[in-house]
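Below is one structure, written out as structure tokens; the observations come after it.
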DNA sequence: CTGTTAGCGCTTTCAT
DNA sequence: ATGAAAGCGCTAACAG
């Protein structure tokens, strides 16, 4: 057999018609025991793999995706998720997919609620959700369960729901890793500051919490938890920090390292730079525009990247694999936590990766 | 227009037949000026994208790939490249691709030469090359140029040839990064050892050279080049190292960090572990089985990963995009240099990544 | 229950 | 030069 076996070949070998083979393959329609066995016998001998693109075109199917995620600010996290989604949709261009975006204000519960309600009103073949508010997500998830619409999460899992799968990073490990890195690049006996951006709902609260747990775990293991200071700063209005943060560092002269367990590291880096505190090393999260700048000018030592674009890409791919090709994948999918420095930064486009 | 426009739709709009549209789209056959303009006008208005899988099946094309790479040892670099290639072939299962592997002994020039000759004898639609010996690669590349067979490199570029593209990591940056990491995790004023595995041809020589340049560059920038010691050890026969390496560390008591600019870090880690020298931190290359072990038990601090599986995957994808879909991509493709620690290791399967 | 047939979108051949 | 028609592999509707 030079080329790949086709349904027609299998039919001939089994002494039945192509129609029957199709029925056996997909378990649809009625097939006599005898034919089924004959076909299955042949299938076991030849390694048949269907041409899935042909199959999807023959079925004349269209796929309507809804994407419910926070608003996308240029150069920030969710825009990268969105870019990954769009890339995947383009990659599956041969399949008739359309993709409707529903963005909500991640700092506004009511915005999330009404957006999710609009999503629930539509008819979708599948939904991608970027969860921020737990309760609203559960409502939407329940609705999708009722209507038997598959859905997947990006960025985080929401307990008490049953998505087809989710794409996220292990946040506790993320926090632990940040702690380890900041500890490694500072002198023995330093103090550390754990900075938290004041803005409420900046991230899915649970994610930040898990990161903090991992972060503290590292220092506790080493009996260094007393070297950790806390600082709450304003991401929305950096000018408010001048006094606040200035006071803080004056009172804590031994601080040599800082961690920001959100994507707002750039704000701190900027402050330190303006005040000539290049002795304080920072580690933060996500390759946002301002963090990239911080890496480049040395204000930030390491950035941990959760591959947002790949999360979006994978979400679409997982749904397509399931809807079109009937394939299932494991539910829990953790992205690598990329450690990005000034040196390897140029190669982490997170988008070119997906071209492969 | 609810659904995607088809050739038939375009034909109708332009007042010609589907056959003519196809001719215009692909510039094949003869088409009158008038029809061409009419069709192009419509094409500019509707955003036509062909269903490429359908197209490739209609053309009844088959693609035969040859893959000429070093022998694959389980758990080592080239096996991961191979896994990525196989994954991609499976992903493009709907296209009729076959893939023949030709493995050579990367330590044996004659093995490489005769293997490449066998590749040159075959008829291929495209070839993937993992170069080790420069001259033999050039011979093969020239032959492929003559027969107008597209080829791509994985692992490294070979100057003086013109592949369709290559997938590699920037080796100089890689060396620089290793230097930076080892410097960061060791106390101020340490000495460092740059270890080199004795085995000839262990890597494409040029790769190792570039890494060394990057490595030294880092220390030179900081005026620390005199803190670098050199050590040549045996990767093939670890037992030879007992005395050799033991002597070395006795004569150089201030060494606190070591770099191995090949994938053989595990051998050194093993030595240090057996001799209770957990104070010496190591950084090395590639997620081989033994390096993974070293990361896990703490003998190795960081491993830099060049994403071999993704290189293989991308190589196939690039060729398919070109052969089947007529798309071209940029020639130079640098993989990210992943910094792997004990913590993020579990998420760097490098294969699950490709599932996306 | 099952074989036959028409059709999916794209390409190619063959008359015209 | 160009339209009509057949074919690629797969599915679905329709007879029987």
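What follows is calculated from the coordinates using simple rules that are stated; it is not laboratory data. Since the model is a prediction, treat every value here as computed from it, not as a measurement. Here the Cβ is made from the backbone with ideal geometry for all residues, glycine too, and neighbour counts use every protein chain on show.
See the values below:
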{"read-out": "Between the stretch B:238-262 and the stretch A:127-194, the alpha-carbon center distance in angstrom", "value": "43 Å"}
{"read-out": "Across the identical copies, how the residue A:189 labels are spaced - nm, sorted shortest first, 7 Å along Cα→Cβ", "value": "1.3"}
{"read-out": "Label point 7 Å beyond Cα along the C-beta direction, distances from residue A:117 to other copies (nm, shortest first)", "value": "7.8"}
{"read-out": "Among A:31, A:158, A:340, residue whose mean-square fluctuation peaks in a GNM of chain A (springs only between Cα atoms under 10 Å)", "value": "A:31"}
{"read-out": "Value of relative contact order over chain B, rounded to a whole percent, pairs C-alpha under 8 Å and six or more apart", "value": "17 percent"}
{"read-out": "Relative contact order of the stretch B:171-305, pairs being alpha-carbon contacts under 8 Å that are 6 or more residues apart, as %", "value": "29 percent"}
{"read-out": "Normalised contact order of the stretch A:7-50, rounded percent, pairs of Cα under 8 Å and 6 or more residues apart", "value": "38 percent"}
{"read-out": "Cα-projected label distance for residue B:188 with residue A:188, points at 7 Å along beta-carbon direction, nm", "value": "1.2 nm"}
{"read-out": "Length gained when the stretch residue B:274-residue B:25 is fully extended (0.36 nm per residue, less Cα-Cα span)", "value": "82.9 nm"}
{"read-out": "Cα coordinate range in chain A, projected on the principal axes (Å, largest first)", "value": "86, 45, 33"}
{"read-out": "With Cα atoms, 0 to 90° folded angle of helix A:77-91 axis to chain A main axis", "value": "20 degrees"}
{"read-out": "Shape of the stretch B:263-356, Cα gyration tensor, a/c cut at 1.5", "value": "prolate"}
{"read-out": "FRET efficiency, 1/(1 + (r/R0)^6) with R0 22 Å, evaluated for residue A:325 and residue B:101 via beta carbons", "value": "0.25"}
{"read-out": "Projected label distance in nm at residue B:250 and residue B:49, using a 7 Å step from Cα toward the beta-carbon", "value": "6.8 nm"}
{"read-out": "Folded to 0 to 90 degrees: helix B:205-221 orientation relative to chain B principal axis, Cα", "value": "60 degrees"}
{"read-out": "Cβ-Cβ FRET estimate between residue A:113 and residue A:217, R0 fixed at 35 Å, reported to 0.05", "value": "0.50"}
{"read-out": "Segment residue B:226-residue B:134, extension gain: residue separation times 0.36 nm, minus the distance between their alpha carbons", "value": "29.8 nm"}
{"read-out": "Fewest-first sequence of A:221, A:250, B:76 by Cβ atoms within 10 Å of each Cβ", "value": "A:250, A:221, B:76"}
{"read-out": "Mean residue ellipticity (222 nm) of chain A, computed from DSSP H runs ≥ 4 via -39,500 (n - 2.57), nearest 500", "value": "-13500 deg cm²/dmol"}
{"read-out": "Coordinate range along principal axes, alpha carbons of the stretch B:7-50, Å, largest first", "value": "23, 19, 15"}
{"read-out": "Three-way shape label, the stretch B:171-305, alpha-carbon gyration tensor, a/c 1.5", "value": "rounded"}
{"read-out": "Percent of beta bridges antiparallel (DSSP, the protein assembly as shown, rounded to nearest 5)", "value": "5 percent"}
{"read-out": "Gyration tensor verdict on the protein assembly as shown (Cα atoms; rounded if a/c is under 1.5, prolate if a/b is larger than b/c, oblate otherwise)", "value": "oblate"}
{"read-out": "Acute angle (nearest 10 degrees) that the helix A:109-121 long axis makes with the longest principal axis of chain A, alpha-carbon atoms", "value": "10 degrees"}
{"read-out": "Nitroxide proxy distance, nm - points 7 Å out along Cα→Cβ at residue B:121 and residue A:234", "value": "7.7 nm"}
{"read-out": "Label distances, nm, residue B:33 versus same residue in remaining copies, Cβ-directed 7 Å point", "value": "7.4"}
